[in-house]
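One structure below.
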Amino acid sequence: MLRLVYEAAAADCQRPRPLPLGLAMNTANLVLALAVLVFSPAVFLPDRPRRPASSAPRPEIRGPIRLLHWLMIGYCCLLHRLRSNLPSPLPETGPAILIANHTCGIDHMLLQAASNRILGFMIAREYYEWPKIHWFCKLVRCIPVNRDGRDIHATRAAIRALEAGRVVPIFPEGRVTAASGRVLGPMRPGTAYIAVRTGVPVIPAYLRGTPETDQIGESLVTPSRSEVRFGPPLDLSDFRPEQAGDKDVQAEVSRRFLRAFLDLAGEDVTLKAAPAPAEPAVAG
């Protein structure tokens, strides 16, 4: 039953007709009905063989997070026509870093809707502390970050989250580049440091077709035809954890991030010529 619901939602994402904003209330009712269906007892009736409970990983998306996740999927599919090139490649269990380009204020939601794991994002501290969403940030264990890019406490928190087996999504650009995925900003070295320091799988994703604005409120209500393109895990096995603080290593890993993004973009992408603000190599 759950599979049918998911396939229906995925099929709806592919339909080209736009969603009128005047149908916002009907959309909300439809999403709520979908959430109720997901929580109905029929969903939990066995429709296929399952692994024994002793060997099956306990899903992260459960309880109130399950409801929020399905509401997010409904919102992203109906208003933003979310598509993905393949199923989420994140591991079922264990740590991973999900890197993505940063195009607008709803990138977090689009990536979460396309993923099968809880994504505890590193987000700007002012948003993390905003009372209207602070409860949600704590629920999904987001990591607050100072905008100056020199937050050693956030770096250490991200490393601890990975050591605890969580998925940590990071935007290597460090800021929004509001061009719907057509422009890519420079990579900051902090993400490279975390990737080399922890040695966990690094999975790239590229966002395109998103609302072309850097205002969160506007991106929430602007219809779009958004797409998440996942790529294969990056091979960083030639680097050792003790090399994480080396600036040359950080630069090389950042170049690999950039190359992965360009490969996923699939079209001409303009690179910002201005270099990222100088910052010292992060020390562990």
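None of the figures in this text is laboratory data; all of them are computed from the coordinates on show. A quick note: this is a predicted structure, and the numbers were derived from the prediction, not measured. So basically every Cβ, Gly included, is an ideal-geometry build from the backbone, and we count neighbours across all protein chains shown.
Summary table below
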| quantity | calculated |
| --- | --- |
| Per-residue HN-Hα couplings for the range 166-178 [Karplus 6.51, -1.76, 1.60; θ = phi - 60°; Hz; x = Gly/Pro] | 8, 9, 10, x, 9, 9, x, 5, x, 7, 6, 10, 7 |
| Which of H134, H102, H80 has the fewest Cβ neighbours within 10 Å, and the rest in rising order | H134, H102, H80 |
| Other-chain or far-sequence residues with amide H under 5 Å of I170's (modelled H) | L98, I99, A100 |
| Built amide H within the under 5 Å cut-off of A178, gap 5+ | none |
| Phi-based couplings in Hz for the range 235-247 (Karplus 6.51, -1.76, 1.60; Gly and Pro marked x) | 8, 10, 5, 7, 10, 9, x, 5, 8, 4, x, 6, 4 |
| Relative contact order (%) - the range 85-271, alpha-carbon pairs under 8 angstrom, separation at least six | 29 |
| Summed side-chain charge close to L234 - residues other than L234 whose Cβ falls under 14 Å, Lys, Arg +1, Asp, Glu -1 | -1 |
| Derived scalar couplings ³J(HN,Hα) [the range 134-141; Karplus, 6.51 cos²θ - 1.76 cosθ + 1.60; whole Hz; x for Gly, Pro] | 4, 4, 5, 4, 6, 4, 9, 6 |
| Per-residue Cβ neighbour rank within 10 angstrom, fewest leading, E267, E60 | E267, E60 |
| Cα-based shape type of the range 85-271, given that a ≥ b ≥ c are square roots of the gyration tensor eigenvalues and the cut on a/c is 1.5 | rounded |
